[in-house]
Structures are given as structure tokens and as C-alpha cells.
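So the structure is just underneath, and the comments pick up after that.
A short reminder: the numbers here are calculations on the coordinates, not readings from a lab. Since the model is a prediction, treat every value here as computed from it, not as a measurement. Cβ coordinates were reconstructed from backbone atoms using ideal geometry, including for glycine residues, and neighbour counts include every protein chain displayed.
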Amino acid sequence: MTSLVSENDLNSYVDGELEPARLLVVEDYLARNPQVAARVMADLRSRDVLRMALGTALRRAPRQTVDAAGRLETGMFWRGMIMRFRKVAAVGFLIAVGWFAHDESGLLHISGSEAAPVPPAFLEDALQAHRTEIIRSRMASQSHSQSYDRDEIFASTRIEMPSLPPAWQVTDVQVFPSHQGASVEAAVQTGSLGRVSLFAAHVDNNVTIQPTMTRNGNDTTFYWQKGSLLFAITGEKAGRPLRRAAHAIFDTMR
Amino acid sequence: MADSNSFDVVGLLDPLRRYARSLTRSEAQAEDLVHDALVKAYEKQEGYRSVGSLRTWLFSIVHNVFVDDWRRKGAEARRAEAHAALSVEAVVEDQDSRLRLKQILDLFLALPDEQRAALHLVAVEEMSYQDAAATLGIPMGTLMSRLSRARAAIRGIESGEESPEVRRAALRIIGGKDD
């Protein structure tokens, strides 16, 4: 065995960076050189002291730091999604077209100083959340939260969810990352309308938009805006019952 | 949406804040540094892919913000604040251990920034040499020589003043960790 043990070997030994073969060489050397071994022990001790003193729990992170981390996380998540599903751009286009073309009444009911376009990004979020929910509902391994606790949702997302018709049964509530921070998706078993998803998210502008329809494949979405909150209800059974439900919910919101 | 877990920035907050604390030597300054770094990271998300792991990328942004923006603002002047801000009392109970711990911590905090950064990443965060070098944007050889000098500085000053009690106490720290 070579007795050529370098300074770097000793550091690598302390930091657990040695290959097994080299490890034996260094340990053999240390066994024969107690003074060097004592030095290594001192380094190990300092390392453990630093780990204990500086690796300990910190005070709770400030709110603004957690918010900044959440924003970054959401941003990176969507960057990743967009990279992975390049077709999202095409879907966004279809939704944008559908939004203008399929309003059943032929009118866009938009109040406010000017027509405020609903960002297609929001509709992507709503659709994505709806489809994810369908997948989740088929997976026994996914945990489902059936508690539609509006106060709790508001406390954690600052989204005030609407009250729902009494016959509707919420089967799952999820918080999703979306373009503007956290968003909420509730899966609802409605009876006559089948399974629908109610999606809510923050947006930048502050206007009122009456329930407006858009279609994508088999999915029909009605979205509306109150203040800076956008809502969307999506279901597979199209048309009037969903429209009535959307208006009924819209009317309950102040 | 399991994919969101691969961008678990919130889960990395504590390690980032610890690193920032070692860099700035102040808890309050560390919070500001991490916040600045997160804002910068948001602005340059497209840089992420080229670097590899999220952890390395975020640590390197904290580091760069510190080096580029913070050190200029006279971080040296804040040195005095640091020692009081880092409390070690809660970690060990007996006086001797506490004294030893405080000595080593003081020596660590007195290291030049670049050595302190290298030692923190490797010793406290247990980063591999490769990740630590990538975080700091330096060759592996440079990292190792910084570690070596940092350890020599801590070892050098503490040697020769060890009472048997201190040595016994220090051994107990290590033994306690392995239990």
C-alpha cells in the first residue's frame, strides 16, 4: 500500500468523499499515524459542531419569503408544463376561439370600463385541474378531501369560494399551482349535471364578467369573474343546466 | 400533479436560509438575502435547466446575490452583529460543550467569505464536492483548497488550549450524535 496520503485525501475522508479503495489506504495510514489521526478527529468534531450549531431549525420563515418561494415554485411548475406539453399553446388557441365563438346567447356579458379578456392561461388552469381531478378520482391511492370548508380555503388561499346548491356533494378539494398563485379546485357530484369541477383563481384585473361559456372537446366551461377572482365550472354534460347552475352560483356571490 | 414536487422551492427554504445566515452572519440579513435571491431566481428561470438540480441552482443564486450585491453594501461592517444573532445555547446543555461550540463557531464566522461558504455547503448541508463546486462556480481543486484552509484555521487556533474537560466535553458531543 502506498503511504502517499495527501491533504486532499484527509479532507475527503472527513467529508465522506473517498472511493472505497482509497478509503482503505487512508484508514491504514491513519492507523499508523496517531498524530494525523488526531487531527482528522479534530476536523470531524468541528464538522459535527458546525452541523449542530448551523444546521438547527430556524425561526419560521417570514411571510414574504414563503410567498416568493411559492411564486417561484408555481412559475417553474408552469414553465415545466409548457415545455412538456407544447400542445398547450394549441389548446389555448382553441379555447380562445371557443370563448368568442360559443357564447350561447351570442353576447358577451361584460361590465366594467372595457371588455376584459379572460386570460387563456386561466382557462388552461381550469381545464388542467378538471382533467387532473378525473384522473385522481380513478386512483384509490390518491387521498381525497371532502371538506368544503370555505373559511379554511380562504385562510390559506385568499379565495372566497361560493356556497353551492344544497344537493351538490363535494367529493374532493385540491389546491393547485396556477399562473397567479394558488388556485382551488373542487370536484362536485351534482346528480343531474353529473360530475363537475369548480375552479377558482386570482387574476390581475378587477372587473365583473357574467357567466360565459367556452368549449373544449367534450368539456364545457362556464367562467365568470367577481372582482379579482375568476371562477370556472367545467362539466362533460353541456349546455343549459350548467349555464343555469353557473348563473345561480354567480348570483349568490356579492 | 406530482410534477410540482420536482420544484419544491418551499422545501428548500430552510437550507437556503441557513446558508444565507452563514454568509451574512446575521439572521435578519439572511432573510433579506434569501428573499432577494428568490426574486432573482423568478426572473431568470430559464437558466435553471442548464445547471441541473434545483438545490444547486438555488444555492448558487443565493451565493451570487451575496457576492454581487450584498458584499458591496458593507457586510463587513455588520460582523459585530453576527455573533449575538447566532444562538447556540439551545443545542448543548453543559457549560464546557457550549464553550467549545462557541469557540468553533466564532472561528468559523471569522473565516473569509469564500472559505466559510465552502465549509458550510460541505459540512453543514453535506453537499458533495461536485455540487458544492458547481454552486460556487469554482473548480473542484479550488473548492478543496478552500476547505483545507478553512479547516486549518479552525484547527490552528483551537489547538494548544484544550483542557481535559474541554476535550471530554467535545467527545461527548460526537458520541451523542452517534447514539
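Taking every residue in A:29-36 and counting other chain Cβ atoms within 10 Å of its Cβ, the average works out to 0. By the beta-carbon count within 10 Å of each Cβ, the least crowded to most crowded order of B:TRP70, A:TRP168, fewest first, is A:TRP168, B:TRP70.
Rounded, prolate or oblate: which fits the range A:7-54 when a ≥ b ≥ c are the square roots of the eigenvalues of the alpha-carbon gyration tensor, with rounded for a/c under 1.5 and prolate only if a/b beats b/c?
Numbers: a/c = 2.97, a/b = 1.51, b/c = 1.97.
Because a/c hits 1.5 or more and a/b fails to exceed b/c, the range A:7-54 counts as oblate.
Which residues in the range A:42-68 have a backbone N closer than 20 Å to a point placed 7 Å from the Cα of A:GLU27 along the Cα-to-Cβ line? Taking a point 7 Å out along Cα→Cβ of A:GLU27, the residues of the range A:42-68 whose backbone N falls under 20 Å are A:42-45, A:48.
In peptide B:128-141, how many Cβ atoms from other protein chains are near each Cβ within 10 Å, on average?
Numbers: counts 3, 5, 1, 0, 1, 0, 0, 0, 0, 0, 0, 0, 2, 1.
Neighbouring Cβ atoms belonging to other protein chains average 1 per residue here.
Within 10 Å of the Cβ of each residue in B:17-23, the mean number of Cβ atoms contributed by other protein chains is 2.
Apply 1/(1 + (r/R0)^6) to the Cβ-Cβ distance of A:LEU58 and A:ARG244, taking R0 = 60 Å, and write down the FRET efficiency to the nearest 0.05. Please list the in-between numbers first.
Values: r = 52 Å, r/R0 = 0.87.
Result of the calculation: an efficiency of 0.70.
Between B:ASN64 and B:ARG98, the modelled label-to-label distance comes to 4.3 nm, taking each label 7 Å out from Cα in the direction of the beta carbon. Normalised by the number of residues in the range A:1-61, the mean separation of alpha-carbon contacts (under 8 Å, six or more apart) gives a relative contact order of 30 percent.
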